[in-house]
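Working notes for the structure below.
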Amino acid sequence: GIDMMPTCVELAGIDAVATVDGRSFADLLRGETDVAGDAIFSERAEWCMIVTGGWKLAAERQKEGLVPTLMTYLDEDPDELNNRVEDPAFTEMRNALLALLNGWDQDIRLGYSSPL
């Protein structure tokens, strides 16, 4: 949802608003690209998520930081039946996704204080 306003502004031909979060995906809607971006981030209450490169990692915000709860490879497991978050074979991928998610989480939280 955060990308809707910049997208609508661009499609309306209005100059971008520098203080608005989010990025326009107007080029995707116009058919100029078939890639929406490098990663998709989402949050709800104390949960946040990243989807990138076919992988999905969801984490819960806790006092000690983000705690991964779900990791799946959507290209092979679109129904998310195989949780790889504790699988040692995927530790490197989990850590890489968690680092991206942590960076995003810190960026969006700079503007407001959290109860955590």
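The values are calculated or read from the model by the stated rules, or taken from the named source; none is laboratory data. Just so you know, these numbers come straight off a predicted model, no measurement behind them. Note that each Cβ is placed from the backbone with ideal geometry, even for glycine, and that neighbours are counted across all protein chains shown. In case anyone asks, the SASA skips ligands and DNA or RNA and just uses the protein heavy atoms, side chains included. Shrake-Rupley method; radii C 1.70, N 1.55, O 1.52, S 1.80 Å.
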Residues satisfying the stated conditions in region 71-95, i.e. closer than 23 Å to Glu46 by Cα and crowded, with 16+ Cβ neighbours inside 10 Å: Met71, Thr72, Tyr73, Arg84, Val85, Met93, Arg94
Failed item, numbered, when Gln62 is tested on (1) surrounded by 14 or more Cβ atoms within 10 Å (Cβ to Cβ); (2) touching a residue at least 40 places away in the same chain (Cβ under 8 Å): (1)
Qualifying residue in region 72-79 (condition: among the polar types (S, T, N, Q), at pLDDT below 95 and under 26 Å from Asp3 (Cα atoms)): no
Thr7 vs. criteria part of a strand (DSSP E or B) and of a type in the set (Ser, Thr, Tyr): no
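Could you tell me whether any residue of region 35-57 is on the phi < 0 side of the Ramachandran plot, in a loop (DSSP other than H, G, I, E, B), charged (D, E, K, R) and open to solvent by 70 Å² or more (accessible area, probe 1.4 Å)?
The first filter runs over region 35-57 and keeps only residues on the phi < 0 side of the Ramachandran plot, leaving 35-36, 38-44, 46-52, 55-57.
With in a loop (DSSP other than H, G, I, E, B) added as a condition, the list becomes 35-36, 38-39, 46.
When the remaining residues are screened for being charged (D, E, K, R), the result is 38, 46.
Add one more test, that the residue is open to solvent by 70 Å² or more (accessible area, probe 1.4 Å), and what stays is 38.
Looking through region 35-57, at least one residue is on the phi < 0 side of the Ramachandran plot, in a loop (DSSP other than H, G, I, E, B), charged (D, E, K, R) and open to solvent by 70 Å² or more (accessible area, probe 1.4 Å).
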